[in-house]
Structures are given as C-alpha cells and as structure tokens.
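The values are calculated or read from the model by the stated rules, or taken from the named source; none is laboratory data. Being a predicted model, the structure only gives us computed values, none of them experimental. Note that each Cβ is placed from the backbone with ideal geometry, even for glycine, and that neighbours are counted across all protein chains shown.
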Amino acid sequence: MQQALAAGSIDFGLGSGPGMAFLAKGSPAIGVAAFAGPPRNISAIVLEDSPIKKIADLKGKTIAVSSVGSLSDWLAKQMAIQEGWGQDGIRAVPLGAVETSIAALKAHQVDAVVLSTEMGFALEGKKQGRMLASMDRYAPHFITHVIFAQKALVATAPNLVARFLKGFFAGIAFMKTNKKETSELAQFVLQQSARVVEQDYDFEIGMFIDDGRFDPDAVAALKQSYIDMGTLKEKPADDVLFTTQFLPVKP
C-alpha cells in the first residue's frame, strides 16, 4: 500500500498504525483518520490439545509472527515484557504467510502463533486451535488501522477527502447497527462460516472508531513502537504522521 501511494497510483489507502512510521521516511502520503483502536483482531493461538493452557505457559516458548519488526512481532514482545519475562522471554519466529504459520503450529514446529482473531475462532470451531488472549490487553492504547491519503490530494482537493471519509465512516456506523447484513458480507469476504463471522463481529466491532480521531495516548504508544521495532531512530512529530484537518468525521 505504501509503495502504491508513493508511486501515486492510488489516492487513498488503508494501512496499519505501525505503517505510519514510513511517512517519516519521505512518503508523499499522510494519515487522515484512524478507524480501528486496540488490536482485538490479533490473538495468541495454540493447538487445541496444547499443554499450554494460559499466557504464563508461553514463557520461553517459540511463537510464530509474520515478519521481523511487524505488528505481530511487536505485540508478541510486548506480551513478554508486560508479563515480566523480558523481551527475550519468548522466541519470535518470522514465518510470513498465515498458512505457513498454521502449518508450523500443526507440525509442532512452533508452540503458538500470533494471528488474526477470526482465524482463532475458525480453528476453535474445527477443534484444531485455541485462543489464549487477544493482544489488545498488551496495547490498550493503540491505533491498529489508519486511512492514508496523498498529500497532494489533501492540498488540492480537501472536499474530496472529506467526502471519502464521510462515506467510509458511514460504513462503520452501518456495520455497528446492522450485524446481520455485515456478517453476511463478511462470510463472503473472509470465506468463513456464519458462526465464525458472528462470533468475530461480537468480539471485534467495538474496536472500530466512530469519528476518525487520533487518540493522543494511542499515538504516543505508536511512536514508542517505532523505536522498539527499530523502524525509526527517534519519535516523529504528529504532523509528520497525520493531519487533523478532517476530524472529527461526521458521517
């Protein structure tokens, strides 16, 4: 997404809060709204018959994450730090694709995976996995997802940006008040059963932000994560990462 924005091939992009760090490296994009808070959509998952029954049992274990310095990597290490084990209290293994991580888990090559919560519900439904905890407990003030826009678009067509945001957040408002329709669409998009998407809806819908605002405590946590993950050497100023020009959004 960042590459497409940098190339000017798209006007808007949906990305992660950690992804805002790349804006400090000269990207022509800027964050224009936050749309998801603490990461309830990411969980620590083990096999259904694993001897690991609680988070404390993960101390010293091997945990699959997507990549070095990724959000899942940072969350796994935050878990170790906040549980009192120290950053090296778990062994994080970058395995890339979701399918690779699940295969490694089933082959007992790793003890746990940090993956999407909906995948945890799906594995539980098949009696193949078990969720230990969603990772928002280790990042209670956080911005998981952000809307980005080209800086040039913000400067030359602010009304277009405002209209896009109104439509986007109207969609969030619809989701929050229409579980049935949202779940039916999610079955098609996620290729999951009705049981999984309805369970996931109930668990995750509260993480969506109604008006796009960037919570100051969450921004502070993000900036610290950039240092922790080695993405940046120093914390950037707010206006390097995002603009409040269009906030709060009123759908």
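May I ask you to list the residues in segment 133-156 that are in a helix (DSSP H, G or I), touching a residue at least 40 places away in the same chain (Cβ under 8 Å) and within 21 Å of Gly212 (Cβ to Cβ)? Walk me through it before giving the result.
Going residue by residue through segment 133-156, those that are in a helix (DSSP H, G or I) are 135-138, 151-156.
Going one step further and asking which of them are touching a residue at least 40 places away in the same chain (Cβ under 8 Å), we end up with 135-136, 138, 151-154.
Asp136, Lys151, Ala152, Leu153, Val154 - these are the residues of segment 133-156 that are in a helix (DSSP H, G or I), touching a residue at least 40 places away in the same chain (Cβ under 8 Å) and within 21 Å of Gly212 (Cβ to Cβ).
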Restricting attention to segment 188-227, and to residues there that are over 16 Å from the mean Cα position of the chain (by Cα), farther than 29 Å from Lys250 by Cα and crowded, with 17+ Cβ neighbours inside 10 Å, which single residue is modelled with the highest pLDDT? Val196
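If you scan segment 14-40, which residues turn out to be of a type outside the set (A, V, I, L, M, F, W, C) and modelled with pLDDT of 95 or more? I'd like the intermediate steps shown before the answer.
First pass over segment 14-40, keeping only residues of a type outside the set (A, V, I, L, M, F, W, C): 15-19, 25-28, 31, 37-40.
Within segment 14-40, Gly31, Gly37, Pro38, Pro39, Arg40 qualify.
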What are the pairs, 6+ residues apart or on separate chains, where a residue within segment 74-88 that is acidic (Asp, Glu) has its Cβ under 9 Å from a residue that is part of a helix (DSSP H, G or I)? Glu83/Ile55; Glu83/Ala56; Glu83/Leu58; Glu83/Gly89; Glu83/Tyr138; Asp88/Lys77; Asp88/Ala80
Determine whether Ser9 is in the same structural domain as Gly212 (by TED's automatic domain parsing), under 30 Å from Lys250 (Cα atoms) and over 15 Å from the mean Cα position of the chain (by Cα). yes
